[in-house]
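Everything below concerns the one structure shown next.
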Amino acid sequence: MTQQIIKSESINHKRWRKFKSLKRGYYSFILIITLYILSLFLPLFINSKALVVQYEGDYYFPAFSEVIPWVSTYYDGNMFGQDIPGAANFRQLQKSWDDSDNWLIMPIYPFNTFEDITNNENRMYEPPSTTHWLGTDNTGRDVLARMCYAFNISISFAFVLTVLNFIIGISIGGAMGYFGGKFDLFFQRFIEIWSSLPLLFVVIIISSIIQPSFALLIFIYTMVNWIFLTYYMRAEFYREKSKDYVSAAISMGQSDTKIIFKHILPNSLIPVITYFPFSMVGGILVLVSLDFLGFGLPPPTPSWGQILYVGLSNITKWWMVFSPIMAQFFTLLCIVFIGEGLREAFDPKIYSRLR
Amino acid sequence: MSKCTIYLITSILLIFSFLSAEFDYVTIPPGADPAVSAEDGGNGFEKIAASLGYQTHLFTDEDIKFFGDEKAVKGGRLHDFASRFPATMRLFGKEANYLENYWIEILCYEPLLELHPLTYEPNIPRLASHWKISDDKKKFWFRINPDARWADGRRVTADDVVATWFLRMDETILDPSQQVSFGKFEEPLAESMYIVSVVAKDTEWRNFQIFASGMSILPAYYVDQVDGSEYLEKYQFSMMPNSGPYILKNKDIINQESYKLTRRDDFWAKDHIQNRYRFNFDAISWFVIKDNATLPFEKFKKGEFDYFEVSRSARWVEDCVPEKMDAIDKGWMKKHRIFSDKPSGTSGYGFNMRKFPFNDKNIRYAFGYLYDREEMNEKMYYNEYEMMHSWFSGTMYENFDNPKFLFNADSAIYYFKLAGFEKKNKDGILINKQGTPLRFNINIQKTHAYMVTPVQNKLRQYGVDMQIVNMDGTTEWKNRQERNFTIYMHNFTGGVHPSIEQWFRSDLADMNDNNNFFGFKSDRVDNLIKVYNSEFDLDERIKIGKEIDYIVCETHPVAFGIKRLYRRFLYWDKFGYPEYMIDRFVGNRESIFFLWWFDPEKEARLETAMNNDTSLPVGDVDIKFWPNWNKINN
Amino acid sequence: MFNYVIRRLLLMIPTFLGATLLVFVILQMAPGGPLEKTIMQIQMGSTNGGGGEGGATSSGSTSGAGTLLPKRAIKELERFYGFDKPVWQRYLIWLGVWEREIKHRNLTFKSGETEVKKNMGKRRYAYVKKNGAKLEVYDKEGNISTLWTARFDMDISDAEIINFEELKSSGKLQDIPKLEATIFETEYSGILTGNLGKSYTYQQPVIEVMKPRFKVSILLGLTGLLISYLVCIPLGIKKALNHGSKFDLLSSAIIFMAYSIPGWAFGGVLLVLFGGGSFWDVFPLGGLHSPQEIWVNLSFFEKIFDQIHHAILPIIAWTIGSFAVLTVLMKNSLLDTMSQDYIRTAFAKGLSEKRVIWVHAVRNSVIPIASGIGHIIATIIAGSYFIEMIFNINGFGKMGFQAILDRDYPITMGFLVIAVIIRLIANLLSDLALAAVDPRIRFK
């Protein structure tokens, strides 16, 4: 028992070392993980709310309220003696407090994703400038802020979706290929029926009953997306099962579980692992496409697809075409590189270079 | 292969092309059937028409200039595009109530009378030369012009009108609006070959117009061959012989790609004074481009389309400018905002007055004061629009004394207070004494989101939480029909003489599936609508309309939005057109089909200029013929 | 083998029924169906196209602003679309094993009437007699009509219909002035009789709508597939053989970059750049060939040129993303195979490198690609809505998407039927392909 644990640890360790040695994938991994973790705290970097406010002796931390889920994010203007309706405008406060005892610190990039033309400083279709680094969109919202928040949403969406797909797809596909027979037959029929569901229509129907949300979209897509993996897993298991080492294991009377998890799965996982990045990429693209078509997350949720939609319908506003395409390009590229590295690291075989 | 065979094949092909030609032709010389007496509308009717009580329109120099320009020349092909391929080329019946079908109808078929371009009265002879209205205004007689011929050469007769009415009333054509319109009449009667009469069931001013100018006539000898569902089937993409100036040939219908109308040289009324200078293009063709915002414009710039209507102000102000478009700078492409008296329709946010929070008039008022359309117009629409203050915006029924709701935070706060919303909760949302927050959903289509988010933000600043729910159009509509909404984006076109009852009749308020979305109820308006429908005097009707307008605006079922009283056109500088460019009330592309022509001189000039890269004169952007005309004439 | 194919073919039947039933039920249950859409179209008249933005009336009708629809009319539309029947019956009708009612007309029996004469168009009459709660239809000669059937069309019970006069005179059915009935023709027409129905939006038989689009999708899809296979398999092999080399790294970077750009967005940019509207005039602005009027007058070679000229940009946009998947799959699979014992053995036996790679290794590494081929074909047939939309190509994808948005159920179902059949056959083919390349796989 103990031996096995040590052994498996060392394998993982080896894999990690191998992965680290593949520079392209490793740096991409570091980059994406860092960016993603940072993006969880985006309200502290890109926000129109101040990080720290000192007003008449009291300290406030408005930006932090957005990172902590259970705290109200609303700060009324009157709270800081500002004569405006609704929420406080911290950028204005900062200006007006130039020569008073009150002070505040704004985040590095002092705009949020929702401020549009109703905010006096914003205008629509502003080209990139030192204030709005990537310009503004068709309602005067800051494109960079929206791009960054959308990054967080896209990655989270794709990751959750892919993990769920893999769990379901691998187990069902593998079981089909391994057990074959009636089980295989039944699930093949089931998959054939299930995969004929017009996905978009399901999204449209469901979104006409319930407001589409992050979880709902994940749920709908998982329902259908796990299928593509089963094809490959099934084929892989079929192939592996007919190999001698499996026959040997069966004849030795090993249990199905052991054969599956110890023998076949590690071998069959390789081609599937190469699919992980592609599946992540697919997940990101799904969200982009859905948002582009208008069946994604409800407005005014920031999303690349929505920006691209605006950009492609106003093709002369190049920054709205360029930014989402580049952001997507960059993100997907990194993910693909990670996947490439992962695949090599997980590969139990050492490829013999010919000669 | 010898020459002989080629000839043989060609002649066979020719024969086939004749066989497959649209119709089976006959030739009947112009004039009435000699067997029909003058009293029955035959030869000599014109002389005794007045004594029989019939009237007709006498063209004067003043109004004839609104039927085209005498400089007009025939020729050329107008290249246009459509955003969908018509589901059918029929005039009516299922799926035929689209603009494309209407264009085919007005270009290929004829009603009895046409609306006068200046007054919008149905008094311009088309198929009928004379008409008579009984003293109780319920019975109408029409005398068919004996010269009128179908495209296959056969006579147009009174029986055609009867047959057309029957077909339109057949419920199997699955077009209930036809039965609603024409069900207002008893069965028409062909009193003779040329006289047809009809009795309306009620005394309404609209009836004469509906029957005379709202019913394009089809030939009875074709109509009688089919019942409603066979009509749907058989004439889906083919035509019965028509009587109008254009014809749609079967070979010119390329499914899902394009279709083309060809001018008829044998149009029976081509020399009539009202048609002489109209219908100038030899052909008008539409190329279909679906769901694509950029492609049509790119194709227009490339010269594949002759003109382009710009619907978005961003494109108009940002892209269609001399600095960015060489063709505009050099005057090759003309850019106009053409003003007209076409009603602007009604737009804005409609409320469900049946439920919280908009059951409270104060909240509706407050919303009206917070809806900052001026700011949106300035910051998003380049000041291209005007503020709307009336349900009948841009028509003669508009009441200029209506209360005006423009952004005013103090008023909004005052009305919120009246409604009991004074305090804000910790999220900055207004709450009333029971602690209910001022929160509601709006269902919209994704493409409209950009118009709603600024409103959403503005409301949020003042403590109103409006959540956007994305929905596809049909579902949104369904919810609205079942009154399952709080607020919606209201956006409807209006009529020159609007139909009011469908919006505001009180008994509709408690029923689903009608256009009284708001749940609007008012006894006064109910009475006014009754009078409005049966009042023949236009001035009286205008008075009633204005009163209704005031009541509606005061009740505030809709927070009015923005309006536009012009159309934005770009076109390559090769057209000739009358000085007014578009008809007074029509105000859109149809006028181009009717009134414009290709000017050979301008075409040559444009070609030279483009080849030599020289400039042409650039004119004014705004064409305000009709506003100026109104100033002089009223 | 033969038995296996037969068995698979038989298994397709339950799958087919299951898939169509599932989608059929979902479609029928969905809110905002074709019925509502039609009603909306009539009631709405026309809305301003651009929403609040002043709006061009590019859609909608001419009747100013809509019509007030009587309840009866709504019921008639419901009947036309068959929504007056329960779902299971509708499915059977769609299959073609239950009677479909067509050409409905309304009848009314006023108080005291037991026989009604109805104009059935084309100067024919039907004579409908009330017999209890049942209706009998006779033709002019007095024979029972084989063409028409009639039934009462009201929300009251049979007993109430039979005793209508009595109940009415006793004041119990006061609010019902007359008995309403429907007369109609029936026929069996459904998928099993080869009738996919008629599109609601195109008003054409579904098959007619699909035919030209099939050609388009096959042309684009197969060309795209061919190109990507022609590029990816050799590329994958070369990359595997030179694993870790500069060429491998560089080509990986390039295909991954290509993969990271969404094809349709790329297509949109290409079109604006090279379409000649704003920048360079190199390629035509959309479409799959020149407009029909020009097209029919072209010579054979001009047609080919024209077709290629139009297809280049869409195919680039179409295939750009698929290179990476296939290449990487091919490469990994080959690497995988190469590390296996039998390859080592082959080398040890002294077989030439070429022979080992091409005969033994490559053959086996095509398996994963082969097993995916069914899926790929199905995707191709389904078309790509985005590409078709951007390039204004009337393909399968655009039709399917539009049908869903337009609630065009016959097209949606027809699309589904075709897609399911193709997928089933493609699956079978990929299993057979799997067996062909890998002799170790046997079918029982």
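Every read-out reported here was derived from the displayed coordinates using simple, explicitly stated rules and does not represent laboratory data. All values reported here derive from a predicted model rather than from experimental measurement. We place every Cβ from the backbone using ideal geometry, glycine too, and count neighbours over all the protein chains shown.
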Sites matching trypsin sites (Lys or Arg not before Pro) across the stretch B:280-331 that sit in DSSP coil, with at most 13 neighbouring C-beta atoms within 10 Å:
B:324
Got the relative contact order for the stretch C:206-437 handy, in percent, Cα pairs under 8 Å and 6 or more residues apart?
28 percent
When Rg is the radius of gyration of the Cα atoms in the protein assembly as shown and Rh is its Kirkwood radius, what does Rg/Rh come to?
0.99
Counting each pair of different Cα atoms once, what's the Kirkwood radius of chain B in Å, rounded to one decimal?
27.4 Å
All Cα pairs of chain C, percent lying beyond 31 Å
61 percent
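To the nearest whole percent, what portion of all C-alpha pairs in the stretch C:206-437 is separated by more than 28 angstrom? Don't jump to the answer; show the numbers that get you there.
Numbers: 11641 of 26796 pairs.
Here the long-distance tail beyond 28 Å is 43 percent of all Cα pairs in the stretch C:206-437.
Count, for each residue of C:264-270, the Cβ atoms from other chains sitting within 10 Å of its Cβ, then give me the mean as a whole number. Kindly include the intermediate steps, with their values, before the conclusion.
Working: counts 5, 14, 1, 0, 10, 7, 0.
So the per-residue partner count for this stretch is 5.
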Apply the Karplus curve 6.51 cos²θ - 1.76 cosθ + 1.60, θ = phi - 60°, to the phi angles in the stretch A:143-158 and return the couplings in whole Hz, x for Gly and Pro.
5, 4, 4, 5, 4, 5, 5, 5, 4, 4, 5, 4, 5, 4, 4, 5
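What is the order of C:180, C:388, fewest Cβ neighbours within 10 Å to most? Spell out each step's value before the answer.
On the way: C:180 17, C:388 32.
Exposure proxy ranking, most exposed first: C:180, C:388.
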12 Å beta-carbon shell around residue B:280, net charge (K/R +1, D/E -1)
+3
Alpha-carbon centroids, the stretch B:376-413 and the stretch A:63-117: separation in whole Å:
32 Å
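Loop only by DSSP, 15 or fewer other Cβ within 10 Å of the Cβ. Give me the GluC sites (Glu not before Pro) in the stretch C:273-367 that pass, ordered by residue number.
Within the stretch C:273-367, no GluC sites (Glu not before Pro) qualify (loop, at most 15 other Cβ atoms within 10 Å).
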Roughly speaking, what is the centre-to-centre gap between the stretch C:111-184 and the stretch C:311-372 when only Cα atoms are used, to the nearest Å?
73 Å
Cα-based Debye curve of the stretch C:149-256 sampled at q = 0.13, 0.15, 0.16 Å⁻¹ gives log₁₀ I(q)/I(0) of -0.80, -0.87, -0.89
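Within 10 Å of each Cβ in A:288-294, how many Cβ atoms from other chains are there, averaged over the peptide?
Numbers: counts 3, 5, 0, 1, 5, 6, 9.
Average neighbour count from other chains, rounded to a whole number: 4.
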Rounded Å value of the spacing that divides the Cα centres of the stretch B:24-74 and the stretch B:600-621
42 Å
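With a cap of 12 neighbouring Cβ atoms within 10 Å, and only residues DSSP puts in a loop, list the trypsin sites (Lys or Arg not before Pro) found in the stretch B:162-218. Let's see the in-between values first.
Values: sites: B:168, B:184, B:201, B:206; in loops: B:184, B:201.
Counting only loop positions with at most 12 other Cβ atoms within 10 Å, the trypsin sites (Lys or Arg not before Pro) in the stretch B:162-218 are B:201.
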Two-decimal Rg/Rh of the stretch B:39-126 from alpha-carbon positions, Kirkwood Rh?
1.07
What spacing in nm lies between the two simple spin-label points modelled at residue B:25 and residue A:210, each 7 Å away from Cα in the Cβ direction?
6.7 nm
Which distance in nm do the two modelled labels at residue C:22 and residue A:123 give, with both placed 7 Å along the Cα-to-Cβ direction?
5.4 nm
Using θ = phi - 60° and the Karplus form 6.51 cos²θ - 1.76 cosθ + 1.60, what ³J(HN,Hα) does each residue of the stretch C:337-349 get, whole Hz, x for Gly and Pro?
4, 4, 8, 7, 4, 5, 5, 4, 4, 4, 5, 4, 5
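If you add up the charges near residue B:196, with Lys and Arg at +1 and Asp and Glu at -1, over every other residue whose beta carbon is less than 9 angstrom from its beta carbon, what do you get?
Numbers: positive: B:143; negative: B:159, B:160, B:191.
Its environment carries a net charge of -2.
For B:47, B:132, B:260, what ranking results if the residue with the fewest other Cβ atoms within 10 Å of its Cβ goes first?
On the way: B:47 9, B:132 16, B:260 21.
Exposure proxy ranking, most exposed first: B:47, B:132, B:260.
Ratio of alpha-carbon Rg to the 2.2 N^0.38 Å globular estimate for chain A, to two decimals, please.
Numbers: Rg = 25.6 Å, N = 355, 2.2 N^0.38 = 20.5 Å.
Normalised Rg, Cα atoms only: 1.25.
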Site residue B:33, offset 7 angstrom along Cα→Cβ, radius 18 Å on amide nitrogen, limited to the stretch B:179-211, gives B:189-197
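Return B:59, B:367 ranked ascending by Cβ neighbour count within 10 Å, so the fewest neighbours appear first. Working shown, then result.
Numbers: B:59 13, B:367 25.
By the 10 Å Cβ count, ascending: B:59, B:367.
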Between residue C:181 and residues 5 or more places away or on another chain, which pairs have amide H atoms under 5 Å apart, with H built 1.01 Å from N, and which residues are they?
C:107, C:108, C:109, C:153
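Just from its helices, what would the mean residue ellipticity at 222 nm be for chain C, if runs of 4 or more DSSP H residues each count -39500 (n - 2.57) and the sum is divided by every residue, rounded to the nearest 500 deg cm²/dmol? Mind showing how you got there, number by number?
Details: 18 runs with 245 residues, N = 444.
Using -39500 (n - 2.57) per qualifying helix, the result is -17500 deg cm²/dmol.
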Residue-count net charge about residue B:46 - beta-carbon cut-off 12 Å; Lys, Arg +1, Asp, Glu -1
+1
In order through the stretch B:582-587: 3J(HN,Hα) via Karplus (6.51 cos²θ - 1.76 cosθ + 1.60), integer Hz, x for Gly, Pro:
9, 5, 4, 9, 6, x
